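What follows is a single structure, written as structure tokens, with notes after it.
The values are calculated or read from the model by the stated rules, or taken from the named source; none is laboratory data. In this text the structure is predicted, and so the values were computed from the model without any measurement. For neighbour counting, all protein chains shown are included, and Cβ atoms are generated from backbone atoms with ideal geometry for every residue, glycine included.
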There are 2 protein chains.
Amino acid sequence: MYQSKLFTKTRKEAPKDEVSKNAQLLIRAGFINKEMAGVYSILPLGLRVINKIANIVREEMNQTGGVELQSTALQKKEVWEKTNRWDDKVVDNWFKTQLKNDTELGLAFTHEEPMSNMMTNFVSSYKDLPIYAYDIRTVFRNEARAKSGIMRGREFFWKALYSFSKDEKEHNEYYEKAKIAYKNIYNKVGLGDKTFMTFASGGTFSKYSHEFQTLSEAGEDNIFICDKCKIAVNQEIIEEQNTCPECGNKDLRQEKAIEVGNIFSLGTKFSKPFELKYKDEKGEDQFVFMGSYGLGISRLMGTVVEVLSDDKGIVWPESLAPFKVHLLSLGKDEEAEKIYNQLSEKGIEVLFDDRDTRAGEKFADSDLLGIPYRVVVSGKSLEAGGVEFKKRNSEEGKIISIEELIKQIS
Amino acid sequence: MYQSKLFTKTRKEAPKDEVSKNAQLLIRAGFINKEMAGVYSILPLGLRVINKIANIVREEMNQTGGVELQSTALQKKEVWEKTNRWDDKVVDNWFKTQLKNDTELGLAFTHEEPMSNMMTNFVSSYKDLPIYAYDIRTVFRNEARAKSGIMRGREFFWKALYSFSKDEKEHNEYYEKAKIAYKNIYNKVGLGDKTFMTFASGGTFSKYSHEFQTLSEAGEDNIFICDKCKIAVNQEIIEEQNTCPECGNKDLRQEKAIEVGNIFSLGTKFSKPFELKYKDEKGEDQFVFMGSYGLGISRLMGTVVEVLSDDKGIVWPESLAPFKVHLLSLGKDEEAEKIYNQLSEKGIEVLFDDRDTRAGEKFADSDLLGIPYRVVVSGKSLEAGGVEFKKRNSEEGKIISIEELIKQIS
């Protein structure tokens, strides 16, 4: 893409009321626009990142047998009253609205209720199960304070998968698959070595649920890591047992972390109120055994920015970068355009800085945007035999030939 | 995809309160689920169709120079007060909600205001223009009555592009490109010959705006077609002038139609209140000249169902079908699976009905689902030398060899 065709511009300063590092950098680099506290529109560069995260998540969910659908934002009171989650005293972050005839509606913050309700249309026999249905969409949470940028938005992208199994055994098998899928996701987005599966309270149907927590000073949570097992426990669990649930180790290391996902055994908590039942092989009625698996897509984007950026700007992992290559022309547009075309023909995503701007500004913008490979075409580089090639996270560039460039990044 | 892995099932009856043909068929076939009047979740089969429509629209918008972003649902009062569109007496289909501190928010039904407001961050010089920014997302309209299924939802997918040009001349050039892009879209989704560009009132900045209207008895609009020019005028225009605006023809033919898109010259209606200005080549301040270009993605899906279905069910055009081939195994799963694998390897999208169900039910479901090519593998077909091949919209199938099948649909 030609940078001159991209309407966004970098900014020296983020809005004064923006206190989080992730939103400051993303706004300055033109990935998002702040509409109000906790509400950000996603600009073209940002949408490319969101789509890449969503596709990684999609791939892993499909791998576990997941089928994608799209649920709705507008929610019916009667459906949520069945589980006693309609009342604002019970769930304190609802956004509510009304139809013209004053019927109250809610804006979805999650979808256990409507999904359980819908599945009664499709589940009647053991042959209909298991079902793994997931959804990638924006949901709404009426946060009293919204100070963590896109890590805790009032409107944000997230993925939720709901599993519907015949019994606890079938559920547990899926739950283990989901753990692996989640680990794969964090590995693919470049947070693998900083993300810990973290034991959390389980509710009625399982001793534990599991969070995925990424180490960061910007995190709102404390976790307690067992370095032997490479897992962690959360604050609730440490207060109860103060040991690693896997090996009994008492020597747990406290760290700040961002919750980037959670998986939960729901058992029959939702299937009972919705009478989500099936006939088993013997013709007897059984309740469906459920699980839920959440992951904040925009939060993950914010976390990557918090964890991987440096003092010059964002550092995208290749898997999420809006473009693989940032091609900077310093007065050599014609030569640069040839390279742009060569790379584009090979299917390589290139942002071509063809703007009529000082070199210093182009370099600073490139660091701020955080595209993995920077390629500079200048009179100097051409004289020296090619282009200057530099990785975003290395200090020094080197001159390489155009053939060598294509080889290196293909 | 294996049909046994798809959790949806066909239904003999749609919900009693569902009066529209499009939603009745889409619910019965398992493409959508009714959450409440005017609010439908999109099930896996439906999401495949929505994504195909969205991708066709995306392709055409990109072709005109469009850049995609994702705006927000939550809207700030102050932004909409600038154009006097916050008040429910002025705009009667707002959904409103509140933050915890009682600050009123709206749910977006369109985005002229936030887009104009945002662009003040990015537009300062004539060099920054033109900009063509678009958005594909769900928007919300608080319809008093919602009786047209997914053709007039309270929450629905739509595409909106906003153009920001230096002056009327630059705007008009884009406007003509947009007309072509819209025509291409209706051609690609199979509605080309039934869709008329329709002259409508223009507002302050142009004599006309343009709607795109698809002939259908289910339409809420009346249009008046000039058969010489292959264009139409809407009710407003006919009342004013009663002639074709292109050739002066008075012999216009009245038809019922569904509005499937509209394009509008906004001029400086929004750029003035938001002070969206730029410095021209002489250094003088000028207001940006805007246009808006809307298209309902879910409405288009509903329109295709209204217009192209028959008494047996939906008839998808190949470009929108959730799968290209519906492969039915009648007791020959092993042989059918081989064909499934062969076609899938060639990148052909196949829904494989591997269910343990009566032949009659499989045939009826296949007609209801409306996948373009039906391939039946049975003892009889194999004896006769291959598979039975039938197009959804032809009466008779014929036996062809597997090699011939692959040739025909590749």
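Quick notes on this structure:
- A single entry from A:159, A:183 fulfils the requirement of being charged (D, E, K, R) and either assigned to a strand (DSSP E or B) or outside the structural domain of residue A:266 (by TED's automatic domain parsing) (or both): A:159.
- Residue in the range A:257-280 that is at pLDDT below 95 and of a type in the set (Lys, Arg) present: no
- Helices (runs of 4 or more DSSP H) enclosed by the range B:295-410 - at least 3 residues per element that are in contact (Cβ under 8 Å) with a residue 40 or more places away in the chain and within 29 Å of the chain's Cα centre (by Cα): B:297-308, B:359-369
- Those residues of the range A:48-78 which are out of contact with any helix residue (DSSP H, G or I) (no Cβ under 9 Å at 6 or more places or on another chain), free of Cβ contacts under 8 Å to residues at least 60 places away in the same chain and within 24 Å of residue A:182 (Cβ to Cβ), in sequence order: A:51, A:55, A:62
- Selection status of residue A:87, more than 9 Å from chain B (Cβ to nearest Cβ) and at pLDDT below 95: no
- Cross-chain or 6+ apart pairs with Cβ under 6 Å, the range A:245-259 first and buried (at least 20 other Cβ atoms within 10 Å of the Cβ), then in a loop (DSSP other than H, G, I, E, B): A:257/A:219; A:258/A:216; A:258/A:219
- Test: residue A:220 is buried (at least 22 other Cβ atoms within 10 Å of the Cβ), of a type in the set (D, E, K, R) and within 24 Å of the chain's Cα centre (by Cα): no
Results for (1) in contact (Cβ under 8 Å) with a residue 12 or more places away in the chain; (2) in a strand (DSSP E or B), shown as yes or no for each residue.
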site	(1), (2)
A:187	no, no
A:196	yes, yes
A:200	yes, yes
A:204	yes, no
A:213	yes, yes
A:218	yes, no
A:223	yes, yes
A:229	yes, no
A:233	yes, yes
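- Scan of the range A:92-113 for residues that are more than 26 Å from the chain's Cα centre (by Cα) and within 7 Å of chain B (Cβ to nearest Cβ), ordered by number: A:97, A:99, A:100
- Matching option when the condition is surrounded by 13 or more Cβ atoms within 10 Å (Cβ to Cβ), over 30 Å from residue A:214 (Cα atoms) and of a type in the set (Val, Ile, Thr), among A:399, A:371: A:399
- Note on the range B:316-338: residues that are crowded, with 22+ Cβ neighbours inside 10 Å and not polar (S, T, N, Q) total 9.
- Qualifying position, being surrounded by fewer than 18 Cβ atoms within 10 Å (Cβ to Cβ) and among the aromatic types (Phe, Trp, Tyr), among B:264, B:205, B:196: B:205
- Residue check, residue A:26 touching a Gly at 6+ places or on another chain (Cβ under 9 Å) and facing chain B (nearest Cβ under 10 Å): no
- Restricting the range B:35-70 to residues that are among the charged types (D, E, K, R) and more than 19 Å from residue A:97 (Cα to Cα), the residue that is nearest to the other protein chains (Cβ to nearest Cβ) is B:68.
- Those residues of the range A:280-290 which are closer than 22 Å to residue A:112 by Cα and surrounded by fewer than 24 Cβ atoms within 10 Å (Cβ to Cβ), in sequence order: A:285, A:286, A:287
- Qualifying positions in the range A:92-106 - more than 18 Å from residue A:158 (Cα to Cα) and part of a loop (DSSP other than H, G, I, E, B): A:92, A:99, A:100, A:101, A:102, A:103
- Lone unmet requirement of (1) within 24 Å of residue B:210 (Cβ to Cβ); (2) assigned by TED's automatic domain parsing to the domain that holds residue B:378 for residue B:336: (1)
- Just one of the listed residues (A:56, A:27) is modelled with pLDDT of 95 or more, β-branched (Val, Ile, Thr) and within 16 Å of residue A:314 (Cβ to Cβ), and it is A:27.
- Lone unmet requirement of (1) under 12 Å from residue A:301 (Cβ atoms); (2) facing chain B (nearest Cβ under 8 Å) for residue A:73: (1)
- The sole residue among B:242, B:172 that is modelled with pLDDT of 95 or more and of a type in the set (S, T, N, Q) is B:172.
- Within the range B:115-134, restricting attention to residues that are part of a helix (DSSP H, G or I) and either of a type in the set (A, V, I, L, M, F, W, C) or surrounded by fewer than 24 Cβ atoms within 10 Å (Cβ to Cβ) (or both), the residue that is farthest from the other protein chains (Cβ to nearest Cβ) is B:126.
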